[in-house]
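Take a look at the structure below.
Values quoted throughout were computed directly from the atomic coordinates according to the rules given, and no laboratory measurement underlies them. If you're wondering where the values come from, they're calculated on a predicted model, not measured in any experiment. Every residue, glycine as well, gets a Cβ built from its backbone with ideal geometry; the counts of neighbours run over all protein chains shown.
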Amino acid sequence: MGIEIREVLSKKDLRTYIYLPEKIHKNHSNWLPPVYIDEWDYYNTKKNKCFSYSDTKLLLAWRDGKPVGRIMGIINNKYNDLKGIKQGRFCFLESLDDPEISHALISFIENWAREKGITRMIGPYGFSDKDPQGLMIEGFDIEPVIAAPTNEEYMVGLLEREGYTKEIDCMQYFCDLANPLPPVYEKINQRLLSKSEYKLREFTSKRDLKPFIVPVLSLMNDAFKDLFGYIPMDEQEMKDFANRYITIIDPRFLKIIIYNGKVIAFLLCIPSLTKGIQRAKGRLFPFGFIHILRGIKTTKHLDLMLGAVHPDYLNVGLIGVLIIKMLESARAAGFKELEIHLVLETNTPMSNIMGKIGATIRKRYRVFQKSIV
């Protein structure tokens, strides 16, 4: 039988959609499942504000009565209005290694978007850059990281078969914490922090860092306003985003620089969740949370999740100070590795710093594009 495309309309459909990837990846040893309780919240239109300003379409592909693929289509009207474009997005594409399945899913979303006046598609890309973006195009044998794709290699070929080409690449850098930093960075660190107007803020408790959550995320709005795919957050979105991650934040790995009472730079890392989530199979209950907590306590791998510098202070050397302090804390806590993921290839300052501290590229992710006029 051929492929039948059905829209996700019921809770039963949504359950099939959410849990389908674990069936597709059942023999994929390096796959990192999502945390399913977060998945249910993500697709809840009452909890995820992004649905209020976006047109969306969730689809399942069926063959012989079994689900064999899925896709989500998004038209982010807020972003399109902000940029003056007619862009559609597809994301969370999953398919067996069969071009008939991927073609049916992608062409359906393209037709849907075209009917709404869209002229160009990008993907995989969610509501914003805070969702997993792109497909992994190299480094398939390396341990995955939360918030980054863990697709099979064949997915790249399936997408290219549909006429999609490169839009932009993102890099994942690896730092061996046993390697010493260049002496010049310590000099920069001492010079900047000796100036009384710059204050480095470090933390030992979550209670102390809570007052800085909104200022830190507000800084992201200033720093990322022109970044590919970024949409400014309002205060409620900031609080929702913070609540999602506050339980896994280790205060030791948040570094903030304050100038005249204002947060102008920050860096946030978290202990790797990968092994714990894999052992829990994405389920917190009844015992999955134990695997995740144990994984956080035993991992020697630190993941950089977020970082930003206010545009007015980009060339001062603040990111170097933050990285030095982060590496010091990581070493003191017994970590051996630091991973920096999803760095846009256009982010020259970060690429330069990665080169100077001896970081190497371990993975590369690609967002694709196609004209559908």
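Which loop GluC sites (Glu not before Pro) in the stretch 112-178, with loop taken from DSSP, have no more than 15 other Cβ atoms within 10 angstrom of their Cβ?
Values: sites: Glu115, Glu138, Glu152, Glu153, Glu160, Glu162, Glu167; in loops: Glu152, Glu153, Glu162.
Hits after loop and neighbour filter: Glu153.
Inverting the mean 1/r over all pairs of different Cα atoms, compute the Kirkwood radius of the stretch 4-170 and quote it in Å. Write out the running numbers ahead of the final one.
Numbers: mean 1/r = 0.0611 Å⁻¹.
About 16.4 Å for the stretch 4-170.
Return the loop-located trypsin sites (Lys or Arg not before Pro) in the stretch 36-101 (DSSP other than H, G, I, E, B) with at most 12 other Cβ atoms within 10 Å of their own Cβ; answer none if there are none.
Lys46, Lys47
Need one number: nm distance between label points at Trp31 and Ala333, each 7 Å from Cα along Cα→Cβ, rounded to one decimal.
3.0 nm
Against the longest principal axis of the chain, how steep is helix 318-332, in degrees 0 to 90 to the nearest 10, with axes from Cα atoms?
Value to nearest ten degrees: 90.
Between 0 and 90 degrees, rounded to the nearest ten: what's the tilt of helix 288-298 against the longest Cα principal axis of the chain?
The angle comes out near 30 degrees.
Roughly how many nanometres apart are two label points built 7 Å out from the Cα toward the Cβ at Asp234 and Thr204?
Spacing of the two 7 Å Cα→Cβ label points: 4.0 nm.
Quick one: Kirkwood hydrodynamic radius for the chain, alpha-carbon pairs, angstrom, one decimal?
Radius from the Kirkwood sum: 21.8 Å.
Quick one: putting +1 on the C-beta of Lys and Arg, -1 on the C-beta of Asp and Glu, what dipole do you get for the stretch 4-170 around its Cα centre, in Debye to the nearest 20?
Magnitude of the dipole: close to 920 debye.
What is the angle, in °, between the Cα long axis of helix 183-193 and the longest principal axis of the Cα atoms in the chain? Nearest 10 is fine, range 0 to 90.
Between the helix axis and the principal axis of the chain, the angle is about 80 degrees.
Would you mind computing, in nm to one decimal, how far apart the modelled labels at Leu293 and Asn44 are, each placed 7 Å from Cα along Cα→Cβ?
Those two pseudo-labels are separated by 2.2 nm.
Measure up Lys166/Lys206; Lys255/Lys297; Lys199/Lys281; Lys166/Lys336; Lys83/Lys356 against 30 Å on the Cα-Cα distance and list the ones that go over.
Values: Lys166/Lys206 41 Å; Lys255/Lys297 20 Å; Lys199/Lys281 42 Å; Lys166/Lys336 34 Å; Lys83/Lys356 35 Å.
Those over the limit are Lys166/Lys206; Lys199/Lys281; Lys166/Lys336; Lys83/Lys356.
Multiply the residue separation of Ile246 and Lys83 by 0.36 nm, subtract the distance between their alpha-carbon atoms, and state the gained length in nm to one decimal.
Values: separation 163, 0.36 × 163 = 58.68 nm, distance 3.15 nm.
Length gained, Ile246 through Lys83: 55.5 nm.
Evaluate the charge dipole of the chain about its Cα centre and quote only its size in Debye, nearest 20, assuming +1 on the Cβ of each Lys and Arg and -1 on the Cβ of each Asp and Glu.
Details: 53 positive and 45 negative charges, 214 e Å.
Value, rounded to 20: 1020 debye.
For the stretch 179-335, what does the equivalent ellipsoid look like in terms of its semi-axes, each the square root of 5 times an eigenvalue of the Cα gyration tensor, given largest first in whole Å?
Value: 28, 21, 13 Å, ordered largest first.
Taking only C-alpha pairs under 8 Å that are 6+ residues apart, what is the relative contact order of the stretch 249-367 in percent?
24 percent
Cut-off under 16 Å on the C-alpha distance; same-chain residues fewer than 8 positions from Lys66 excluded. Which aspartates and glutamates are left, in chain and number order?
Correct list for Lys66: Glu4, Glu7, Asp13, Glu22, Glu94, Asp97, Asp98, Glu100.
In percent, how large is the relative contact order of the stretch 1-145, given Cα pairs closer than 8 Å and 6 or more residues apart?
Worked out over the stretch 1-145, it gives 23 percent.
Suppose a student asked you for the relative contact order of the chain, using Cα pairs under 8 Å spaced at least 6 residues apart; what percent would you report?
On the way: 671 pairs, mean separation 83.5, N = 373.
Answer for the chain is 22 percent.
Only Cα pairs within less than 10 Å get springs; with that Gaussian network setup on the chain, which residue of Leu314, Leu60, Leu322 has the largest fluctuation?
Per the Cα network of the chain with a 10 Å cutoff, Leu314 tops the list.
Divide by every residue of the chain the summed helix terms, -39500 (n - 2.57) for each DSSP H run of at least 4, and state the resulting mean residue ellipticity at 222 nm, rounded to the nearest 500 deg cm²/dmol.
-10500 deg cm²/dmol
Need one word for the stretch 298-351: rounded, prolate or oblate. Basis is the Cα gyration tensor (sqrt eigenvalues a ≥ b ≥ c); a/c below 1.5 gives rounded, then a/b vs b/c decides.
Values: a/c = 3.00, a/b = 1.65, b/c = 1.82.
It is oblate, given that a/c is not under 1.5 and a/b is not larger than b/c.
If R0 is 41 Å, what FRET efficiency do you get for Asn111 and Thr360 from their C-beta distance, rounded to 0.05?
0.45
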